[in-house]
Amino acid sequence: MLLVTFLEGSQPRNGVLDRARGEVIDLSRAAAELPRDMSSFIALRAEGLTAPRRALHSGKARLPAAKVRLLAPIPRPARNIFCIGKNYREHAKEVQSLGPGGGAAQAGIPQAPIVFTKATSSVIGPDGPIPGRLGPTGTTDYEGGLAVVIGRGGRGIARADAMSHVYGYTIINDVTSRGLQRRHQQWFIGKSLDGFCPMGPAIATADEVPDAGRLRVHTRVNGELRQDGCVADLIFDIPALIETLSRTMMLEPGDVIATGTPAGVGMGFTLPKYLRPGDRVAVTIEPIGTLENSVE
């Protein structure tokens, strides 16, 4: 299933997106016993999906998708977004001049996952404007990628058990101010500006993605294909990331892990192709869909 958070009127509600019919099933009407916020819904794990599956096939409580506004599927995560830097070999090469802190040069492939976070206040939904004007250096860049949503929490999760903790998958655009990234010699500030974390359009539940390694990430700017990567090319795969993070902290339902971005970011071109006002950035990963945002 494709789970969404949407607005019809003023109250955000959970829903199921039926892309084939261009409709959203309103779970507040079809399954009123379920939690109204996505994080609490995710915490129910498989038990919470029974009623939405019935609703999907009942034909009831449907709204035209064109008549509602999709928000980020988790509009305000409980914790910062966990992100993995330089997790595709070709991307690691194109940005090696930044180094781990955003300044000094460092060649080579990371020997362990590089972990940083994005503030929850940076999250916006599909079609929400990316406020590039907030970046003071004119170096706003895109980084499309697959994100994992944790369903069953835990600490000390073994690699062999890691995938059983995955609730589903969504898309993240790890928008970055490269100038701030360099200036502050670390990644948090340059990646946590308000609106610099588009997420969505939906969470594809794990049963929709039997092999995440086969997913492809395509990022287009104004229709031009910039990024084309396969999740199988991750340096540290999803089980390794879950194992690494859970060694030192308790992962919780609703945690979001952005797995990294393929080569083709704006700063990687000989003449950098940073985002400008009026640009449209579209990140596509099927079966999740396309996350598209304009730049202002």
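None of the figures in this text is laboratory data; all of them are computed from the coordinates on show. Bear in mind that the values here come from a model prediction, so they are computed numbers and not experimental data. Here the Cβ positions follow ideal geometry from the backbone for every residue, glycine too, while neighbour counts run over all protein chains shown.
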> Which length gain, in nm to one decimal place, applies between ARG183 and ALA232 when the Cα-Cα distance is subtracted from 0.36 nm times their residue separation?
Replying inline: 14.3 nm
> How big is D, in µm² s⁻¹, for the range 24-93 by Stokes-Einstein at 20 °C and 1.002 mPa s if Rh is the Kirkwood radius over C-alpha pairs?
Replying inline: 145
> Quick one: Debye curve from the C-alpha atoms of the range 81-294, no solvent, what's log10 I(q)/I(0) at q = 0.10, 0.11, 0.13 Å⁻¹?
Replying inline: -0.38, -0.46, -0.66
> Which of the peptides 275-284, 4-13 is most tightly packed, and how do the rest follow, judged by the mean count of other Cβ atoms within 10 Å per residue?
Replying inline: 275-284, 4-13
> In the structure shown, do any of LYS60/LYS191; LYS118/LYS273; LYS60/LYS118; LYS86/LYS273 have a Cα-Cα gap over 30 Å, and if so which?
Replying inline: LYS60/LYS191; LYS60/LYS118
> Say each of ARG216 and GLU33 gets a label point 7 Å from the Cα, pointing the same way as Cα to Cβ; how far apart are those two points in nm?
Replying inline: 4.3
> Based on the Cβ-Cβ distance of ARG53 and LEU7, what FRET efficiency does E = 1/(1 + (r/R0)^6) give at R0 = 35 Å, to the nearest 0.05?
Replying inline: 0.90
> Once fully extended, how much extra length lies between LEU225 and ALA160, figured as 0.36 nm per residue of separation less the alpha-carbon to alpha-carbon distance?
Replying inline: 19.8 nm
>> Going by average Cβ density within 10 Å per residue, which order do the peptides 131-139, 87-95, 53-61 take, highest to lowest?
In response: 87-95, 131-139, 53-61
> When the convex hull of the Cα atoms of the range 145-214 is projected onto a plane and the area is averaged over all directions, what value comes out in nm²?
Replying inline: 6.4
>> If R₀ is 30 angstrom, what is the calculated FRET efficiency for the pair GLN111 and ARG280, using the beta carbon separation as r and rounding to 0.05?
In response: 0.20
> Taking the Cβ-Cβ separation of LYS60 and ASP207 as r and a Förster radius of 22 Å, what is the calculated FRET efficiency to the nearest 0.05?
Replying inline: 0.50
> How big is the C-alpha Rg of the range 166-279 next to the rule-of-thumb value 2.2 N^0.38 Å, as a ratio?
Replying inline: 1.17
>> Can you order the peptides 230-236, 186-192 by their average number of other Cβ atoms within 10 Å per residue, highest first?
In response: 186-192, 230-236
